[in-house]
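Working notes, structure below.
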Amino acid sequence: MFFRSKSDGARIYLQLVENHWVEGKSRQRVVATIGRMDQLQESGQIEAIVRSAARFTETMMVLTAHEKGETTTIGTRRVGPGLIFERLWTESGCREELKSLLKGRNFLLDVERTVFLTVLSRLFHPGSDRQWERWQEDYRIEGSDGIMLHHYYRAMGWLGEEISDQADALPFAPRCTKDVIEEGLFLRRRHLFSSLEVVFFDTTSLYFEGEGGGSLGERGYSKDHRPDLKQMVLGVVLDNEGRPVCCEMWPGNTTDVKTLIPVVERLKRRFGINRVCIVADRGMISQGTIEELESEQLKWDYILGVRMRKSVEVQREVLTRAGRYQVVHPGKSHSKSPSPLKVKEVKVEGRRYIVCHNEDQARKDQGDREAIVAALEERLTHGEKSLVGNKGYRKYLKRKGKEQSFEIDRDKVEQESRYDGKWVLRTNREDWGADEVALKYKQLLEVEQLFRSAKSVLETRPVYHKCDETIRGHVFCSFLALVLMKELHDRLEAKGLKLEWADIIRDLDRLQEVEIEQDRKRFVLRTQTQGTCGKVFQAVGVALPPTLRQVETDTR
């Protein structure tokens with residue numbers, strides 16, 4: 001039975017209707033016409049009817065009592081994060097990989113559950129590990145009871161401990177438990193793509209509050225602008241679908257150009273890759289690196305960004321070469337259109353360069369430069385020498401004769417205009433068109449986005465651990481968090497959903513279960529879904545818990 005409204009001229013009536021079968025077809029029959037809708041609403045009779053019917057259902061009685069504050073609240077737990085990421089943890093293979101490695105190990109703790117809790121905390125409450133115990137009390141997560149902070153440290157040590165097989169070890173990176181997990185996860189999803197032909201590789205630095213372990217903590221070039229602290233270097237490799245493949249960790253004084261060759265060699269051995277194309281950022285290129293990549297021994301394919309302002313060949317031969325651009329993406333027609341892109345191929349003595357041009361970025365670069373020059377012209381009239389200390393201003397200034405005053409370097413301004421909206425790539429792949437090379441390089445932005453996520457969203461830094469093993473485990477848990485982020489992103493994308501990560505985290509965190517007591521019976525009440533929460537549950541294929549369920553109480 002159900003209520004429906006029935007129009008009769010200008011009047012609307014409320015009716016009670018039931019469905020019944022007639023000759024194999026569903027028909028509706030009016031059981032009763034209760035009255036005119038406007039009169040029932042004015043007198044409050046509709047609410048009275050609903051309350052009267054609710055007395056005959058225990059569920060409605062409990063909900064009504066809870067709304068009136070007539071129940072006793074026993075506790076509240078957040079359930080959205082555990083339900084969603086438990087499913088992703090299992091279906092991505094993370095759970096089974098850890099379980100298989102733990103067979104035969106007599107740990108007095110559930111290491112797999114501890115690692116999952118750690119990964120989940122990085123996603124929802126990143127920050128100090130010292131708040132770990134307090135954080136888990138607010139969440140309902142399967143198998144988390146009894147796990148304490150010292151269990152977390154032990155699990156981190158296991159993830160980062162060196163294993164007996166050091167065949168693929170590097171002088172600055174031993175082979176650890178986490179490497180075996182990475183290889184297992186890769187093999188599980190290998191059927192999703194034919195080969196790991198293209199890999200994206202980038203690095204960042206993570207600083208330590210303390211000494212940074214026995215070997216990882218060293219002083220080097222800090223991308224965090226903290227040269228006063230010891231640091232480590234973290235590298236992440238993605239496949240051609242943007243999935244995290246592995247992470248590598250080295251002492252903080254290891255330079256990018258020294259890591260590229262040995263890391264990719266190790267990558268080929270670990271994952272059985274026959275042919276690989278390296279896509280790397282401008283900071284990882286050097287002439288020695290290119291010569292080694294092109295050597296008879298390696299013969300690797302590569303797409304490398306070129307430092308335009310530091311390469312004489314690019315300035316004199318590549319950027320000045322005439323030629324027609326090929327349009328890859330035209331100007332934006334709406335906000336979701338890809339950024340405009342034009343490409344042009346230039347060869348210099350057999351070396352292949354791809355000049356890429358973004359007209360929107362060119363206009364922005366020109367506008368920014370004109371604004372800086374205009375500000376300089378105005379401020380120089382007041383003799384402000386402090387402008388020299390500003391890096392953005394300084395490159396457009398030059399000393400005026402032997403005087404202590406400065407003037408705008410017009411030649412430098414003109415020279416900088418040549419770079420507006422452009423970037424230059426160098427590659428030895430002859431079978432890819434210029435447009436394909438440019439688009440492959442643009443995918444490197446996904447790696448950079450992962451690093452931003454790891455630092456800002458997951459707060460991998462700063463690292464407080466004092467042992468190399470626990471440091472590796474700490475960072476690897478952030479890597480596993482990125483694996484789950486990618487799994488969720490792919491499922492949302494398959495459903496045509498583009499949701500902000502901050503909204504997902506907030507809305508999942510709002511889904512709670514409240515344990516209440518009424519008439520010596522205990523019930524669990526689920527709150528309503530908000531924002532993106534329902535869409536995330538549908539995309540991942542997880543059923544929402546019932547709105548209300550009764551639970552057994554311990555009578556012992």
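The values are calculated or read from the model by the stated rules, or taken from the named source; none is laboratory data. Note that this is a predicted model, so its numbers are computed, not measured. Quick reminder, even Gly has a Cβ in these numbers, built from the backbone with ideal geometry, and neighbours come from all protein chains shown. Remember, those area values only see protein heavy atoms, side chains included, never the ligands or the DNA or RNA. Shrake-Rupley method; radii C 1.70, N 1.55, O 1.52, S 1.80 Å.
Filtering 351, 309, 369 for residues that are closer than 30 Å to residue 205 by Cα, of a type in the set (Lys, Arg) and touching a helix residue (DSSP H, G or I) at 6+ places or on another chain (Cβ under 9 Å) leaves a single hit, 309. Working only within the stretch 239-258, note down all residues that are touching a Phe, Trp or Tyr at 6+ places or on another chain (Cβ under 8 Å) and either closer than 21 Å to residue 180 by Cβ or open to solvent by 50 Å² or more (accessible area, probe 1.4 Å) (or both). Hits for the stretch 239-258 are 239, 241, 244, 245, 246, 247, 250, 255. Considering the stretch 201-238, the residues that are touching a Lys or Arg at 6+ places or on another chain (Cβ under 8 Å) and among the acidic types (Asp, Glu) include one that is surrounded by the fewest Cβ atoms within 10 Å (Cβ to Cβ), namely 211. Looking at the stretch 162-272, the strands (runs of 3 or more DSSP E) lying wholly inside it that each contain 2 or more residues that are under 23 Å from residue 300 (Cβ atoms) and at pLDDT below 80 sit at 198-207.
Per-residue answers, yes or no, for (1) of a type outside the set (A, V, I, L, M, F, W, C); (2) in a loop (DSSP other than H, G, I, E, B); (3) on the phi < 0 side of the Ramachandran plot:
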{"position": "323", "(1), (2), (3)": "yes, yes, no"}
{"position": "338", "(1), (2), (3)": "yes, yes, yes"}
{"position": "361", "(1), (2), (3)": "yes, no, yes"}
{"position": "373", "(1), (2), (3)": "no, no, yes"}
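Hey, can you tell me all the residues within the stretch 400-439 that are open to solvent by less than 60 Å² (accessible area, probe 1.4 Å) and in a strand (DSSP E or B)? Once the filter is applied, which keeps residues that are open to solvent by less than 60 Å² (accessible area, probe 1.4 Å) and in a strand (DSSP E or B), the stretch 400-439 yields 406, 408, 422, 423, 424, 425, 426, 427. Count of the stretch 73-88 residues, restricted to those that are of a type in the set (Val, Ile, Thr) and surrounded by fewer than 18 Cβ atoms within 10 Å (Cβ to Cβ), is 3. Among the helices (runs of 4 or more DSSP H) confined to the stretch 91-160, the ones with at least 1 residues that are farther than 14 Å from residue 477 by Cα are located at 94-102, 132-136, 149-160.
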